[in-house]
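See structure below.
Read-outs: derived from the displayed coordinates by stated rules, not from any lab. Fair warning: this is a prediction, and the values are worked out from it, not measured in the lab. As a convention, Cβ positions derive from the backbone with ideal geometry for all residues, glycine included, and neighbour counts pool all protein chains shown.
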Amino acid sequence: MMVKTDKRARATLFRSRLREAMGTKRMSQSALARAIGVDRSTVSQLLGGAGARLPNAQVVGECARSLGISADWLLGLTDRPETASDILANSLSLTEAPRAAVDAQIFDWHKEAAGYKIRHVPAAMPDMLKTRAMLEWEYAPHLGRSTDQVIGASEDRLDWMRSAQSDYEIAMPLYELHSFVRAEGYYHGLPLDVRRAQIARLVDVTQQLYPRLRLSLFDARRVYSAPVTIFGPLLAVLYIGRNYMAFRDTERVQALTGHFDHLVREASVSGREMPTYLRDLAGDIRT
């Protein structure tokens, strides 16, 4: 329910916020008067009045435009001084997604969220759990001669992520792991020894790092998810191919967190069951 504000209190708040915005922008009364097309005395009255009267919408709007703030904030209708376009720009961004195991942007987001729980639905096998041989097979065609250098940098970042004080919860579809084991689809041509070593790595980390790291599998015929990473309460990032779509507004971060938690609740294989499931699955690895 919206609380009705007393006219005098709103007028007082308007004057206070106008003065604050001018101070932030280092804009004098004369400069603001020129910017909004009024006399300096009018601005002085806006700042120094003591009554309950507010300026007309034209003056409020021009003040907000000139100071780069929200008219709603000036009038006490919101606690956010940014304009609507600035709020949208800050809450939603599109960032290039290079073809790399752990690119600089992803690494920066992990560092920003250090200490928070990180929820992750990978596009394929989780990068932070891959062996070096797996990284080389996957990225060599895209990196050419710089493979060793780029993978070395990625390994350093992966080591930092593994040692950070964050809990990781990873959910991936059953078919992804089965395709990997059988070298089907995306994993066609993946050598037998690489697959065996990778499954052995997964067994080790899901057993040794549980519950700090939890890997679960969901049935994509029952539930679905696009690749997404949720960095605590700070942001949620969708991977859409060549770009990341990042959300920082609380409502969308919470919605995507709820989506992820639903995947975990509906998981066919829980984090606790993963080591045993992986050992059984290793028996299906064939040339």
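Counting 0.36 nm for each residue step from Y210 to A226 and taking away their Cα separation leaves a gain of 3.3 nm.
Compute the distance from the alpha-carbon center of the range 150-170 to that of the range 228-260, in whole Å. Cα centroid of the range 150-170 versus Cα centroid of the range 228-260: 19 Å apart. Of the residues W73, W160, the one with the fewest other Cβ atoms within 10 Å heads the list, and the complete ranking is W160, W73.
Judged by the ratio a/c of the largest to the smallest principal axis of the C-alpha gyration tensor, the range 107-248 counts as rounded, that ratio being less than 1.5. Considering only A50, A220, A97, the Gaussian network model of the chain with Cα springs below 10 Å gives its largest mean-square fluctuation to A50. Placing unit charges on the Cβ atoms of the charged side chains and taking the dipole of the chain about its Cα centre, the candidate lying farthest along the positive direction among L192, T95, F180 is T95.
Once a ≥ b ≥ c are taken as the square roots of the eigenvalues of the Cα gyration tensor of the range 8-53, is the result rounded (a/c under 1.5), prolate (a/b larger than b/c) or oblate (a/b not larger than b/c)? Walk me through the intermediate numbers first.
Details: a/c = 2.72, a/b = 1.41, b/c = 1.93.
Oblate, since a/c reaches 1.5 and b/c is not below a/b.
The range 184-287: which chymotrypsin sites (Phe, Trp or Tyr not before Pro) are DSSP loop and have at most 16 other beta-carbon atoms within 10 angstrom?
Numbers: sites: Y186, Y187, F218, Y224, F231, Y239, Y244, F247, F260, Y277; in loops: Y224.
Here the chymotrypsin sites (Phe, Trp or Tyr not before Pro) that fit, given the DSSP loop and packing criteria, are Y224.
A simple spin-label model places the labels of Q254 and A164 2.4 nm from each other, with each point 7 Å out along Cα-to-Cβ. Matching the structure-derived Rg and Dmax of the Cα atoms in Å against the labelled list (1) 26.8, 85; (2) 17.7, 50; (3) 20.2, 66 gives the label (1).
Need one number: % antiparallel among DSSP beta bridges in the chain, to the nearest 5. Could you put the intermediate results ahead of the total?
Numbers: 18 of 27 bridges.
In the chain, approximately 65 percent of DSSP beta bridges are antiparallel ones.
Which of rounded, prolate, oblate describes the range 123-183, given a ≥ b ≥ c as roots of the alpha-carbon gyration tensor eigenvalues and a/c under 1.5 marking rounded, otherwise prolate only if a/b is larger than b/c? Please list the in-between numbers first.
Values: a/c = 2.90, a/b = 1.09, b/c = 2.66.
In terms of gyration-tensor shape, oblate.
For the chain, a Gaussian network of Cα nodes joined below 10 Å ranks K117, K25, K130 by mean-square fluctuation, and the top entry is K25.
For D167, what charge total do you get from the other residues with a beta carbon under 11 Å from its beta carbon, if Lys and Arg give +1 and Asp and Glu give -1? Present the calculation step by step, with values, prior to reporting the outcome.
Values: positive: K117, R119, R212, R214; negative: E169.
Neighbour charge sum, excluding D167 itself: +3.
Take the Cα of R265, go 7 Å toward its beta carbon, and the backbone nitrogen atoms of the range 224-246 under 19 Å from that spot belong to 224-226, 230. Given +1 at the Cβ of Lys and Arg, -1 at the Cβ of Asp and Glu and no other charges, the dipole of the chain around its Cα centre is 1140 debye to the nearest 20. Starting from the Kirkwood radius over alpha-carbon pairs of the range 176-284, derive D by Stokes-Einstein at 4 °C in a medium of 1.567 mPa s and give it in µm² s⁻¹. This corresponds to a translational diffusion coefficient of 83 µm²/s.
Exposed loop sites here are GluC sites (Glu not before Pro) assigned a DSSP state other than H, G, I, E or B and surrounded by at most 13 other beta carbons within 10 Å; excluding them, the longest clear run of the chain is 1-183. In terms of surrounding Cβ atoms within a 10 Å radius of their Cβ, D127, D204, D6 rank from fewest to most as D6, D204, D127.
The modelled label-to-label distance for the pair Y175/A140, using points 7 Å beyond Cα in the direction of Cβ, is 2.9 nm.
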